[in-house]
Every structure is written in C-alpha cells, then in structure tokens.
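Student: Okay, here's the structure, questions in a sec.
Values in this text are rule-based calculations from the coordinates and carry no lab data. As the structure is a computational prediction, the values presented were derived from the model and not from experiment. Every residue, glycine as well, gets a Cβ built from its backbone with ideal geometry; the counts of neighbours run over all protein chains shown.
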C-alpha cells in the first residue's frame, strides 16, 4: 500500500466506522444468519463506496469483501488499512 494516496477524510472515516462496527458484530456472532446479513450489508456498501478507496484497500482484488470464504479476513484487513489511512 502506498502512503502517498490521498482520499477525502470523510470517505475514509465513514468507511472505517461502518466496517469497524460490522467487524465487531461479525467477530462476536455465532448466528449464521446474522453473519450472512453482515456480509450482505457490507457488500452493498462496498458497491457504492468511493471506487478509488475500494481499489486502494482491496489491492485491486475485485472479490475483496465480496466472497463468503474470505469475508472475515478481508473485513479485518479493510478495517486495519482504513485505520492506518485515518492516522496518516
């Protein structure tokens, strides 16, 4: 990840807040339907978020935050990357 990319602070903070909250619930949930709903909400949000920001945090992976098999790992990774962007 390049440290030189600049995004609107609002878009980074908004994405961080949404994904961070969803990550905390996802990690604590043992209800499959609730976890599936979180995946649906996040994928819907991702489809509407700042495309440059998505491309940046995804590293160009079009399946990032969209695949069930890697969702938990991707969500934690996205929150980490967005947190680092907010602290730049």
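Student: Tell me, which helices (runs of 4 or more DSSP H) lie completely within the range 1-60 with 1 or more residues that are closer than 17 Å to residue 77 by Cα and touching a residue at least 60 places away in the same chain (Cβ under 8 Å)?
Tutor: 9-28
Student: Now, a different point. Check off (1) over 12 Å from the mean Cα position of the chain (by Cα); (2) closer than 15 Å to residue 7 by Cβ for residue 78 and give me the number that stays unchecked.
Tutor: Just one mismatch for residue 78, condition (1).
Student: Looking at (1) without any contact (Cβ under 8 Å) to a residue 60 or more places away in the chain; (2) part of a helix (DSSP H, G or I), which is the only condition residue 81 fails?
Tutor: (1)
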